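Please read the structure below before turning to the comments.
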Amino acid sequence: MTLGFRSVCAALLAACFAHASAADTLRSACADDVRQTIDAPVLRVLTLNASHGRNTAVNQVLVSKKQTYANLDAIAEVLSLTAADVVALQEADAPSIWSGKFDHVAHLADRSGYGCIAHGLHSRSWMSTYGTALLSSAELHEPASIRFQPSPPSK
């Protein structure tokens with residue numbers, strides 16, 4: 001059975017964005033010059049835990065903004081080298097006090113050359129906003145985000 005790009009993206013979204021209820025927010029955007037389709041016979045997929053940009057630090061609060069950028073730049077380099085068509089990210093931060101107050105997903109997409117983003121914001125508090133994301137080299141059609149019911153400490 002051969003799955004089309006849309007079907008694979010839908011399956012990846014379901015797997016990455018897990019389980020029970022609709023997320024509060026889904027941010028989705030594509031650059032103007034993004035490819036409309038993947039024309040290769042194989043879809044290359046990579047999944048990675050961005051760990052709030054902390055790398056191996058115990059907690060992202062202990063990491064400077066400069067170091068967070070450096071950590072994410074190292075991830076972006078890996079993404080560029082692998083040339084995956086779709087990247088699924090976990091612990092991917094939107095601008096948050098605890099991780100440098102900048103959009104980690106947009107930074108990764110910009111630095112690694114991915115033209116489309118779908119970012120499900122599954123945990124939102126005064127200190128942090130994060131979730132899972134897809135980066136794609138081609139247009140994402142009708143992305144959706146589903147999350148677990150909030151529980152401590154992310155409630």
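The values are calculated or read from the model by the stated rules, or taken from the named source; none is laboratory data. Note that the coordinates shown come from a computational prediction; the quantities given were computed from them, not determined experimentally. So basically every Cβ, Gly included, is an ideal-geometry build from the backbone, and we count neighbours across all protein chains shown. Just so you know, the surface numbers come from the protein's heavy atoms only, side chains and all, with ligands and any DNA or RNA stripped out. Shrake-Rupley method; radii C 1.70, N 1.55, O 1.52, S 1.80 Å.
Just checking, does the stretch 46-60 include any residue being free of Cβ contacts under 8 Å to residues at least 40 places away in the same chain and either touching a strand residue (DSSP E or B) at 6+ places or on another chain (Cβ under 6 Å) or of a type in the set (D, E, K, R) (or both)?
Scanning the stretch 46-60, I find no residue that is free of Cβ contacts under 8 Å to residues at least 40 places away in the same chain and either touching a strand residue (DSSP E or B) at 6+ places or on another chain (Cβ under 6 Å) or of a type in the set (D, E, K, R) (or both), so the answer is no.
Kindly provide the set of residues from the stretch 129-141 that are touching a residue at least 40 places away in the same chain (Cβ under 8 Å) and either more than 12 Å from Cys30 (Cα to Cα) or not in a strand (DSSP E or B) (or both), ordered by number. Lay out the reasoning, then the answer.
Restricting attention to the stretch 129-141, the residues satisfying the condition of being touching a residue at least 40 places away in the same chain (Cβ under 8 Å) are 130-141.
Result: Tyr130, Gly131, Thr132, Ala133, Ser137, Glu139, Leu140, His141.
Scan the stretch 39-61 and give yes if some residue there is exposed (fewer than 13 other Cβ atoms within 10 Å of the Cβ), part of a helix (DSSP H, G or I), modelled with pLDDT under 95 and not small (Gly, Ala, Ser), otherwise no.
There is no residue in the stretch 39-61 that is exposed (fewer than 13 other Cβ atoms within 10 Å of the Cβ), part of a helix (DSSP H, G or I), modelled with pLDDT under 95 and not small (Gly, Ala, Ser).
A quick yes/no check of all residues on (1) among the aliphatic types (A, V, I, L, M); (2) at positive phi; (3) under 17 Å from the mean Cα position of the chain (by Cα):
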| residue | (1), (2), (3) |
| --- | --- |
| Ser51 | no, yes, yes |
| Arg54 | no, no, yes |
| Asn59 | no, no, no |
| Leu81 | yes, no, no |
| Ala88 | yes, no, yes |
| Asp103 | no, no, yes |
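Out of the residues in the stretch 76-88 meeting the condition of being in contact with a strand residue (DSSP E or B) (Cβ under 7 Å, 6 or more places away or on another chain) and part of a helix (DSSP H, G or I), tell me which one is modelled with the lowest pLDDT.
Out of the qualifying residues, it is Thr82.
Is it fair to say Ser125 is over 17 Å from Ala29 (Cβ atoms) and in contact with a strand residue (DSSP E or B) (Cβ under 8 Å, 6 or more places away or on another chain)? Quick ask: steps written out before the conclusion?
Numbers: over 17 Å from Ala29 (Cβ atoms): yes; in contact with a strand residue (DSSP E or B) (Cβ under 8 Å, 6 or more places away or on another chain): no.
Criteria not met by Ser125.
May I ask you to list the residues in the stretch 7-34 that are loosely packed, with under 15 Cβ neighbours inside 10 Å, modelled with pLDDT of 75 or more and over 20 Å from Asp93 (Cβ atoms)?
Ala31, Asp32, Asp33
State yes or no: is Pro152 assigned to a loop (DSSP other than H, G, I, E, B), modelled with pLDDT under 95, under 27 Å from Ala40 (Cβ atoms) and open to solvent by 10 Å² or more (accessible area, probe 1.4 Å)?
For Pro152, the condition - assigned to a loop (DSSP other than H, G, I, E, B), modelled with pLDDT under 95, under 27 Å from Ala40 (Cβ atoms) and open to solvent by 10 Å² or more (accessible area, probe 1.4 Å) - is not met.
Checking Glu91 against (1) open to solvent by less than 50 Å² (accessible area, probe 1.4 Å); (2) touching a strand residue (DSSP E or B) at 6+ places or on another chain (Cβ under 9 Å); (3) not aromatic (Phe, Trp, Tyr), which single condition isn't satisfied?
(1)
What pairs can you find where one residue is in the stretch 108-119 and more than 16 Å from Leu81 (Cβ to Cβ) and free of Cβ contacts under 8 Å to residues at least 40 places away in the same chain, the other is open to solvent by 20 Å² or more (accessible area, probe 1.4 Å) and assigned to a helix (DSSP H, G or I), and their Cβ atoms are less than 7 Å apart, with a gap of 6+ or different chains?
Matching pairs, first to second residue: none at all.
Do we find a residue being open to solvent by 20 Å² or more (accessible area, probe 1.4 Å) and modelled with pLDDT of 90 or more anywhere in the stretch 120-128?
yes
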